[in-house]
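Participant: First the structure, then my questions, so here it is.
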Amino acid sequence: MPNLPPIAFIGGGNMASAMVAGLAAVPNRPKIIVSEPDSAKHAAVIAHGAVTTTDNLAALTIGSLVVLAIKPQMAAQVVPALAAGWRPHHLLVSILAGTSTRKLEGWLPPGARVVRAMPNTPLAIGLGMVGICRGSAATEADLATAESLFAPSGTVLKVTDESRMDAITAVSGSGPAYFFRFAEALVDAAMALGFSRDEAVLLVGRTGSGSWEYLLRSGFDAVRLRQQVTSPGGTTAAALAELEKADFTGIWTRALQAAERRGKELG
Ligand SMILES: NC(=O)c1ccc[n+]([C@@H]2O[C@H](COP(=O)([O-])OP(=O)(O)OC[C@H]3O[C@@H](n4cnc5c(N)ncnc54)[C@H](OP(=O)(O)O)[C@@H]3O)[C@@H](O)[C@H]2O)c1
């Protein structure tokens, strides 16, 4: 992995703070400046060795790797204003949901190098999943730089076709919400069997973390592990039959397709 150049974060909210915390632990940690209008948010990143500003153009004079971490609805106002300070050595890595590299390139001077990334919220604890792709002027070396940027806070999947970013958003960007919703449903269902909330959270939580670890250690052999638990005519079979009646795989296929479709509409 290449060493990282000085980094300027534009926006110092949740995602930026999590990335700064991850970067604080890397050897040869890069210089980091975070530009964030709300100075109440400065302390969180200063604690991880970053310097702060409220002036986006001042941040560009320090960072050559520019991480765009504002809300997508702010982009049309914030990115064109960066053009005044944009120089050929700058590389933009955008984590904005649904904002294409083409749109970002259009707001910056011709030839601006842009990489688009789609992280997810487990990035906050160093366990993110991040899809990345490059814009028209960015190089393979720029993609490698983006990989190094995200390595401390997650695992990276590179895609070559930017339209795949909507599918990545559907699977891993939105994905944590599916697991959280599943956890909510299981806890509610356990409470319906008479457990207190604390008991239900313990039973579901430990079963979830244990099963997940078992699945990973098996090399993701979900079918075999499921069959191991499911004796014919037994309790697990009774539960799984209910799920199949509701077309379990079909629900997930339709859910992910809906998310991908929505991503395309928003883009
Ligand atoms: N959270 C997720 O699951 C997730 C997943 C993938 C991608 N993303 C993307 O990550 C991006 C950041 O999300 P987040 O959850 O970190 O949002 P956030 O906490 O709201 O952070 C955005 C920050 O940008 C600041 N900001 C506003 N205007 C600015 C300006 N002109 N210059 C510099 N900074 C400015 C905001 O300050 P104020 O609060 O003072 O306005 C805020 O602190 C979003 O584009 C989102 O699409 C998020």
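Every number here is computed from the coordinates shown, using simple stated rules; none is lab data. Quick caveat, the model's predicted, so the values are computed rather than measured. Here Cβ is always computed from backbone atoms with ideal geometry, including for glycine, and neighbour counts include all displayed protein chains.
Participant: What is the fewest-to-most order of Glu36, Glu184, Glu105, Glu162 by other Cβ atoms lying within 10 Å of their Cβ?
Facilitator: Listing Glu36, Glu184, Glu105, Glu162 from fewest to most nearby Cβ atoms yields Glu184, Glu162, Glu105, Glu36.
Participant: So, one more: To the nearest 500 deg cm²/dmol, what mean residue ellipticity at 222 nm is calculated for the chain from DSSP H runs of n ≥ 4 alone, each contributing -39,500 (n - 2.57), summed and divided by the residues?
Facilitator: -14500 deg cm²/dmol
Participant: Right, something else. List the lysines whose Cα lies under 16 Å from the Cα of Lys264, skipping any in the same chain that are fewer than 8 positions away.
Facilitator: Cα-Cα hits under 16 Å: Lys103.
Participant: Mind giving me the FRET efficiency for Gln77 and Ala151? R0 is 30 Å, r the Cβ-Cβ distance, nearest 0.05 is fine.
Facilitator: Once the sixth-power term is evaluated, E becomes 0.45.
Participant: Calculate the spin-label point distance for Gln257 paired with Lys31, positioning each point 7 Å from the Cα along the beta-carbon direction, and give it in nanometres.
Facilitator: For Lys31 paired with Gln257, the spin-label model returns 5.2 nm.
Participant: Report ³J(HN,Hα) in whole Hz for each residue of region 143-149, in order, from the Karplus equation J = 6.51 cos²θ - 1.76 cosθ + 1.60 where θ = phi - 60°; Gly and Pro get x.
Facilitator: 4, 5, 4, 5, 4, 5, 4
Participant: Quick one: net charge of Glu162's neighbours, Cβ under 12 Å, K/R +1, D/E -1?
Facilitator: Within the 12 Å Cβ shell, the charges total +4.
Participant: Now a separate question. Return the sequence-ordered ³J(HN,Hα) values of region 168-181 in whole Hz as given by the Karplus equation 6.51 cos²θ - 1.76 cosθ + 1.60 applied to θ = phi - 60°, using x for Gly and Pro.
Facilitator: Rounded to whole hertz, the list is 4, 4, 5, 8, 9, x, 7, x, x, 5, 5, 5, 5, 5.
Participant: How do Lys31, Lys41 line up, fewest other C-beta atoms within 10 Å first?
Facilitator: Lys31, Lys41
Participant: Mind checking which lysines have their Cα closer than 21 Å to the Cα of Lys41? Skip sequence neighbours fewer than 8 apart in that chain.
Facilitator: Partners within reach: Lys31, Lys71.
Participant: Once you sort the root eigenvalues of the Cα gyration tensor of region 128-190 as a ≥ b ≥ c, which label holds: rounded (a/c under 1.5), prolate (a/b larger than b/c) or oblate (the other case)?
Facilitator: In terms of gyration-tensor shape, oblate.
Participant: Among His48, His89, what is the fewest-to-most ranking by other Cβ atoms within 10 Å?
Facilitator: Least crowded to most crowded, the residues run His89, His48.
Participant: Another question about this same structure. Can you figure out the FRET efficiency of Thr121 with Ser231, using R₀ = 45 Å and their beta-carbon distance, to the nearest 0.05?
Facilitator: Computed FRET efficiency for Thr121 and Ser231 comes out at 0.75.
Participant: If the label point is 7 Å along Cα→Cβ of Ala246, which residues in region 167-192 have backbone nitrogen under 13 Å from it?
Facilitator: Once the point is set 7 Å along Cα→Cβ of Ala246, 181-190 turn out to lie under 13 Å by backbone N, inside region 167-192.
Participant: Same structure again: What does the net charge come to around Asp38 if you take all other residues with beta carbon closer than 14 Å to its beta carbon, with K and R at +1 and D and E at -1?
Facilitator: 0
Participant: Say we join alpha carbon atoms closer than 10 Å with springs in a Gaussian network model of the chain; which of Ser153, Ser231, Ser136 then has the biggest fluctuation?
Facilitator: Comparing Ser153, Ser231, Ser136 in a Gaussian network model of the chain, the most mobile one is Ser231.
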